[in-house]
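The structure appears right after this line, and notes come after that.
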Amino acid sequence: MNSKKLLSETQRTFPATTVRCQQPSRILVVDVTSPSWTNTCSVLSEALENTLCLACSLTGPCRVPLLSLYVVESQQECLLPFTQVRENFARIQACLLELRSLPREGSFPQGGSGVVQAVQDGLQQFKQYSRHTAAGGSTNSSVEITILTSQSSKEMVKQLENKLKDVDLMSLRRMQVIEVLKRELLEPEDVEQCVPAEEPSSADIAILGMDIDVQTVEDNVISLEMLFKTWLHDYGIEREHLHLLLPSGAFSHAITPKTALMCLKCDLQERLLDPALLSGMVDGTVRAADLNSPCQMAAWPATVLYKLQVVKALKYEGVCESVVYGLPFIIKPTSCWQLDWDELEINQHSFHALCHSLLKRNWMLLAKREPQNTNPNWNIMVHSYYIIAPSDSATLLVKAVAIRELLLPSTFPALLSEHPERVHGQIESALNSLEVEVAYNPLHLKSNLYQYLKSALYKPLHRQQPRDQQPERHQPKQHQSRAKATVAPLLMAPSPVQAFRPAAARRESCERALLPREYDKFLQ
């Protein structure tokens, strides 16, 4: 947020209404006029496919409800009209295959207003889609646009500013301009920005009553994959996710009672995707975390307001890793737009001061979770406890910690002070042969999860029945109609032959996709 004006614009655009899906729809605009499009095409397609196979496999509320993809050559072209991501991975794969088949570098002139035209066409398409699906209320009424280009981001923003002045942007939540560069073309200070991170560093340019997020990303699979994975975060900012309750302190005892608590309003963010949410990997014995369980806490979707009351401070070195369990979550100062601007600012400063003081003291916090409600069968409240640890960034890490009832007995034998020299030499030799890294980097480890999920999601768009399995002509009519009803959903999806029609035919099909009858297929 850059000013109070921007906050008021956000409030005007997104009223405080309850919607079933907080996640915005996505429009991806890819500028293929780059001189290095050959390399960018392959890494972009792989990164996008990896992210979307996760989005299709995660159970629970859909994290990427709708996706539309445009490419900008000499003019814009819609390769993928708005499509529900879940259960449409085969169609997405066909679109990415078509993206990979586009002519290589040097085939299209740079410049022009194709990107702006793609943005305008995408907004118009989303408006028509939203109008048609308004009765169902199954999707959010906002959209985010991501523009990938190798042109200067500043020049791109100027074009958007000049051409979108008279365009209705009420449904547009955010616009990103991502400048994709080769590593050797990056300035030294930009290289750090391209290091994959949870939140890529960016600069916001305020125009058109909204923020345009400008970023610089290196053209490799990991950097682009981390960019697309931000789509999987929770975008519901209707309210804060967590209240962190601290004792008011001696400074305020003169005017407040000792029982008064200071409340820091925070948001929760996932650090990792829960493997139990991947539908292709869950067996009958594993279930996703129960949001109502007193021993579980979930950051997505943010349907529950958690309250953690700090009860003690702990020395950092005094916490044994064996008693900490569960998925970690990131705590950040809230960005809920319903709070007053001054309250947001004070809350953020208080949060930063807490992080700084914990680091200085080398402390962790022990917090007790206040239960949301009591069991209907008996009036007993079950408390769970969490460890809150600081970091060098303006965030806190929270993990569940063991309690008495869950702890199992164990004995730890003392470490022997003497051992045979021959054994010691073998162990030392084995350790000396290991490669040593200063820090653990999860980006260096691959488990073939993407390949597993893609194979599990793979479904041909169109499959003809073998001749010996086709219904015979003398079958009763009712059996023929039942067979047609079975094959009908397959015929609705575009076949691989249809997916590679000439550009003019594809554009004509995209225009037809805007008609209400065509959108009925999306709702089925």
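The values are calculated or read from the model by the stated rules, or taken from the named source; none is laboratory data. As the structure is a computational prediction, the values presented were derived from the model and not from experiment. Virtual Cβ from ideal backbone geometry, glycine too; neighbours counted across all protein chains shown. For accessibility, only protein heavy atoms count, side chains too; no ligands or nucleic acids. Shrake-Rupley method; radii C 1.70, N 1.55, O 1.52, S 1.80 Å.
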Checklist outcome for this item: Scanning the range 98-144 for residues that are surrounded by fewer than 20 Cβ atoms within 10 Å (Cβ to Cβ), assigned to a loop (DSSP other than H, G, I, E, B) and at pLDDT 85 or above gives Ser101
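Regarding the range 329-350, can at least one residue be identified that is part of a strand (DSSP E or B), hydrophobic (A, V, I, L, M, F, W, C) and over 25 Å from Glu238 (Cα atoms)?
Filtering the range 329-350 for residues part of a strand (DSSP E or B) gives 329-333.
Filter again for hydrophobic (A, V, I, L, M, F, W, C), leaving 329-331.
Going one step further and asking which of them are over 25 Å from Glu238 (Cα atoms), we end up with none.
Looking through the range 329-350, none of the residues is part of a strand (DSSP E or B), hydrophobic (A, V, I, L, M, F, W, C) and over 25 Å from Glu238 (Cα atoms).
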Item to check | Residues that are in a loop (DSSP other than H, G, I, E, B) and either on the phi > 0 side of the Ramachandran plot or under 25 Å from the mean Cα position of the chain (by Cα) (or both), drawn from the range 23-43 | outcome: Gln23, Pro24, Val32
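Conditions (1) under 28 Å from the mean Cα position of the chain (by Cα); (2) among the aliphatic types (A, V, I, L, M); (3) modelled with pLDDT of 90 or more, marked per residue:
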{"residue": "Phe329", "(1), (2), (3)": "yes, no, yes"}
{"residue": "Lys332", "(1), (2), (3)": "yes, no, yes"}
{"residue": "Gln338", "(1), (2), (3)": "yes, no, no"}
{"residue": "Leu358", "(1), (2), (3)": "no, yes, yes"}
{"residue": "His383", "(1), (2), (3)": "no, no, no"}
{"residue": "Ala394", "(1), (2), (3)": "yes, yes, yes"}
{"residue": "Ala402", "(1), (2), (3)": "no, yes, yes"}
{"residue": "Ser417", "(1), (2), (3)": "no, no, no"}
{"residue": "Pro420", "(1), (2), (3)": "no, no, no"}
Checklist outcome for this item: With the first residue restricted to the range 308-323 and required to be closer than 30 Å to Ala260 by Cβ, and the second required to be among the polar types (S, T, N, Q), Cβ contacts under 9 Å at 6 or more apart or on different chains are Lys315/Asn362; Tyr316/Asn362
Checklist outcome for this item: By residue number, the members of the range 196-232 that are open to solvent by 30 Å² or more (accessible area, probe 1.4 Å), at pLDDT 90 or above and closer than 30 Å to Leu354 by Cα are Met226, Lys229
Item to check | Every pair of residues 6+ apart whose Cβ atoms lie under 9 Å, when the first sits in the range 81-101 and is under 23 Å from Gln128 (Cα atoms) while the second is of a type outside the set (Lys, Arg) and open to solvent by 60 Å² or more (accessible area, probe 1.4 Å) | outcome: Pro81/Glu518; Gln84/Leu523
Checklist entry - If you go through the range 43-73, how many residues are modelled with pLDDT of 90 or more and either within 16 Å of Val177 (Cα to Cα) or hydroxyl-bearing (Ser, Thr, Tyr) (or both)? => result 9
Next on the checklist: Looking at (1) at pLDDT 90 or above; (2) more than 29 Å from Asp267 (Cα to Cα); (3) surrounded by 10 or more Cβ atoms within 10 Å (Cβ to Cβ); (4) out of contact with any Asp or Glu (no Cβ under 9 Å at 6 or more places or on another chain), which one does His462 not meet, given that it meets all the others?
Outcome noted: (1)
Next on the checklist: Suppose we filter the range 4-42 for residues that are hydrophobic (A, V, I, L, M, F, W, C) and modelled with pLDDT under 60; how many remain?
Outcome noted: 6
Checklist outcome for this item: Subset of the range 55-87, residues small (Gly, Ala, Ser) and either closer than 19 Å to Thr303 by Cβ or in contact with a strand residue (DSSP E or B) (Cβ under 6 Å, 6 or more places away or on another chain) (or both), comes to Ser57, Gly60, Ser68
